[in-house]
Protein chains: 2
Amino acid sequence: MPNRFYTFVGGNAGRWRVDDIKSVVGHGVEPVSHVEIINENLAEAPSQATWLLRGVTSNQRYTSRSELDSLKAVQPIIGRKEATCAAFIPITKSLAWWELAQDERREIIESRSTHIATGLRYLPAIARRLHHSRDLGEPFDFLTWFEFAPSDTSSFDELVEALRETEEWRYVEREVEIRLILDQK
Amino acid sequence: MPNRFYTFVGGNAGRWRVDDIKSVVGHGVEPVSHVEIINENLAEAPSQATWLLRGVTSNQRYTSRSELDSLKAVQPIIGRKEATCAAFIPITKSLAWWELAQDERREIIESRSTHIATGLRYLPAIARRLHHSRDLGEPFDFLTWFEFAPSDTSSFDELVEALRETEEWRYVEREVEIRLILDQK
């Protein structure tokens, strides 16, 4: 079984250099110059770390079979050579969101906010990996990691703008956006 | 925020005395005489513990609003004075299950296996608390805790029998059943 846990370590060292950090909603995270991604559930921060955020990849929570087949047909892997730009977006949704029933959340995510269809429009340009954090007792509910080529930066800007205008995003009570560039040396 | 983590500690001490342990599918757990439940995510086993299993209560994964309203209208709390019998049932589902899309899992759970409707028929007799463990890296995917009065034991037997005959249960690859009695001293 591959390890589904990932730890994102913010500090002054790491493979990804921070280009920009902004607090979109709620309070931000401490500024750092680099982020390293470790495919483990690190219990303790490595030395030089300013913060560490953990998440686990998991089963689909909302995606239907037909949506999953459409996504799988075009979604790129993480780690393409040309994908030297990345965005790391931790978000937390409100208690009101989590207390909704499954059909109510699905209705908001897809029928009313077209989250899955919107993401699909930006494939295969934007690679994405979703990490679940809420049930680990972490400060954020989700950590999403996106990778793309520099020439796809404006497409990525468009994608996040579109999602932030949806009904689903009204339930987001904390969101941080960290833009990164692969450190090639 | 209440702590949603629970650790089930099997050993030779605890509030619940083990009446019977059986392996329903796959390999079992080491026999113990007592189980204690701690409302924390214990990192280490207390002394005298033989095993410890962790889980976290979480949002509904399949239940619709109408089902949730029906359940909430009749479901009893954990800890009723008369509920001196309990069952602790850890289960693991196969990788094939987890790779299904959300609509496929919902279809199997409710449309074809009537899991939610079956549980509802045994309310308010049987109290239940579901703990999610898979994304914590635990050996089981779910830990379910049931409580009932001694006079409702045969109802409980019926409920678990009914669930085990469903299509959903064909995806269960490990299941242990521990029956317990509240230690009144």
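No value in this document is a laboratory result; all are computed from the given coordinates. Keep in mind that what you see is a predicted model, and the values were worked out from it rather than measured. Neighbour counts run over all protein chains shown; Cβ positions are idealised from the backbone, glycine included.
Here the range A:159-185 is the region considered, the condition is being charged (D, E, K, R) and part of a strand (DSSP E or B), and the residue that is farthest from B:Gly137 (Cα to Cα) is A:Arg179.
Only residues that are within 14 Å of chain B (Cβ to nearest Cβ) and not aromatic (Phe, Trp, Tyr): list them for the range A:1-33, please. So that I can check it myself, show each step before the final result.
First pass over the range A:1-33, keeping only residues within 14 Å of chain B (Cβ to nearest Cβ): A:1-7.
Across the range A:1-33, the qualifying residues are A:Met1, A:Pro2, A:Asn3, A:Arg4, A:Thr7.
I want to confirm something. Restricting to the range A:99-158 and keeping residues that are aliphatic (A, V, I, L, M) and assigned to a loop (DSSP other than H, G, I, E, B), which single residue is surrounded by the most Cβ atoms within 10 Å (Cβ to Cβ)? In this case the residue turns out to be A:Ile126. Of the residues A:Glu99, A:Glu104, A:Glu110, the single one that is within 11 Å of another protein chain (Cβ to nearest Cβ) and closer than 23 Å to A:Val74 by Cα is A:Glu110.
Would you confirm, using the coordinates I've provided, whether B:His115 is touching a residue at least 60 places away in the same chain (Cβ under 8 Å) and under 30 Å from B:Asn41 (Cβ atoms)?
On the way: touching a residue at least 60 places away in the same chain (Cβ under 8 Å): no; under 30 Å from B:Asn41 (Cβ atoms): yes.
When the stated conditions are applied, B:His115 does not pass them.
B:Glu36 satisfies every condition listed in (1) within 14 Å of chain A (Cβ to nearest Cβ); (2) touching a Gly at 6+ places or on another chain (Cβ under 6 Å) except (1).
Residues that are among the hydroxyl-bearing types (Ser, Thr, Tyr) and under 21 Å from B:Arg105 (Cα atoms) were ranked within the range B:136-182; the one that is farthest from the other protein chains (Cβ to nearest Cβ) is B:Thr166. Note on the range A:84-96: among residues that are in contact with a Lys or Arg (Cβ under 7 Å, 6 or more places away or on another chain) and among the aliphatic types (A, V, I, L, M), the one that is farthest from A:Lys72 (Cα to Cα) is A:Ile91.
Output the residues belonging to the range B:74-96 that are within 14 Å of another protein chain (Cβ to nearest Cβ) and assigned to a helix (DSSP H, G or I).
B:Leu95, B:Ala96, listed by residue number.
Looking across the range B:164-178 at every residue that is out of contact with any Lys or Arg (no Cβ under 7 Å at 6 or more places or on another chain) and surrounded by fewer than 17 Cβ atoms within 10 Å (Cβ to Cβ), the one that is nearest to B:Ser33 (Cα to Cα) is identified as B:Arg164.
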